[in-house]
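Structure, as structure tokens:
Since every read-out is calculated from the coordinates, none of them should be taken as a lab result. These numbers were taken from a predicted model, which means no experiment stands behind them. In this analysis, Cβ positions are derived from the backbone assuming ideal geometry, glycine residues included, and neighbour counts consider all displayed protein chains.
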Amino acid sequence: MSSPPRKRVSGVKLWIGLAVTPVVVVATFLLVLPLIPSWRNAEASALMAASPAPIDGARAYGYLKQLCDLGPRPAGTEVNNRQRQLVSDHFVKYGATVKEQPFRTRHPLTGKRVDMANLVGSWHPEKLQRVVLSAHYDTRPEPDEEVDPVRHKMPFLGANDGASGVALLMELAHHLNDLKCPWGVDLVLFDGEELVYGNNPRQGEYFLGSKEFARRYADQLERGRPRFRYVAGFVLDMVGGTNLALAQEPNSLKLAPDLVREVWGVARQLGAKSFRFTEGREVLDDHLPLNNVGIPTIDIIDFDYPYWHKADDLPENCSAQSLAEVGRVLSAWLTLPRKTKSKR
Ligand SMILES: [Zn+2]
């Protein structure tokens, strides 16, 4: 699921000799001005305008524990269905219109039919420009990063890899009716992100839910529906670990660079220290299918979480503070004033 990091792209550098005249200085500045990355403007506006919602980290962490209390939640299981119903009721309670996107696959080991469904909770469904905030809600069937065969057989609860993103979406749901946001917001739970066994060899296919979501969106665009467009997308994956460290993910930087820089600009303004200004490891994740259908989408992920795909991916290795920090940044980004409607 990863490959070595790439080299950072260096910023625009401007060197001016001491002997040049003021006219040359001004002319050079005017020439270079358009080359200065747009995120600096975004960061400047963030400096004035970032205003986070009153995210309740303890409540978000409570949701994380509640989801883990259900037990392991792999795609196609009864517990996974119960989780979807729980979140669906929650979204409706806080003002969403909820839809499901059913789809199916074959189980990678048994070949039996597996029924799955994405969940889409829409706030302000009448708005034609929309943002999608997403997380996968299925958990890995086994903790297959455990080399010890006994630990490999232990249940995998996915407190961070699964529950953290869903819990944060549940917390955000409390705030979306009141948020001063120019767009409609869809909170989306992807099923079948990792109905996968082992890594080498690997059995199963990643990202079934986000592929289904992207396929439906592209299909509808082709047929002239929906009338709305997604202007930006976020994947939240492992955002609740203690000592959270969110480096900028290379595929996100490549596919949706303005979005990365805006969000990290907001984080800097808010003093959200878990957002790191370094390039992290490249991750293949649910953001790729969305980018493939024209939704600029970034992956907010701590891929160095030490309990990734291990039996100790448990609530005690997650923190309310981490969830709150990511929630504050996202809610503030949603409220940034926009100069032009068409830009985003
Ligand atoms: Zn995983």
*Please work out how much length the chain gains when fully extended from Q66 to K112, using 0.36 nm per residue of separation minus the C-alpha to C-alpha distance, in nm with one decimal.*
13.6 nm
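Rounded to the nearest 0.05, what FRET efficiency is calculated for K153 and R59 with R0 set to 41 Å and r the Cβ-Cβ distance?
Numbers: r = 34 Å, r/R0 = 0.83.
That pair, K153 with R59, gives E of 0.75.
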*asked:* How high is the relative contact order of the range 38-334? Use alpha-carbon pairs under 8 Å, at least six apart in sequence, and give a whole percent.
replied: 26
*Once the piece of chain linking N243 and N177 is laid out straight, how much longer is it, given 0.36 nm per residue of separation minus the C-alpha distance between them?*
20.7 nm
_Separation of the Q85 and D304 label points, Cα + 7 Å toward Cβ, nm_ = 4.2
*How big is the convex hull of the Cα atoms of the range 45-204, per residue, in Å³?*
149
*Could you please report the charge total around P149, scoring K, R as +1 and D, E as -1 over all other residues with beta-carbon less than 15 angstrom from its beta-carbon?*
-2
*What spacing in nm lies between the two simple spin-label points modelled at R202 and K127, each 7 Å away from Cα in the Cβ direction?*
3.5
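May I ask you to derive the FRET efficiency for K254 and Q220 from their Cβ-Cβ distance with R0 = 22 Å, giving the value to the nearest 0.05?
Numbers: r = 26 Å, r/R0 = 1.19.
With R0 = 22 Å, the Cβ-Cβ based efficiency is 0.25.
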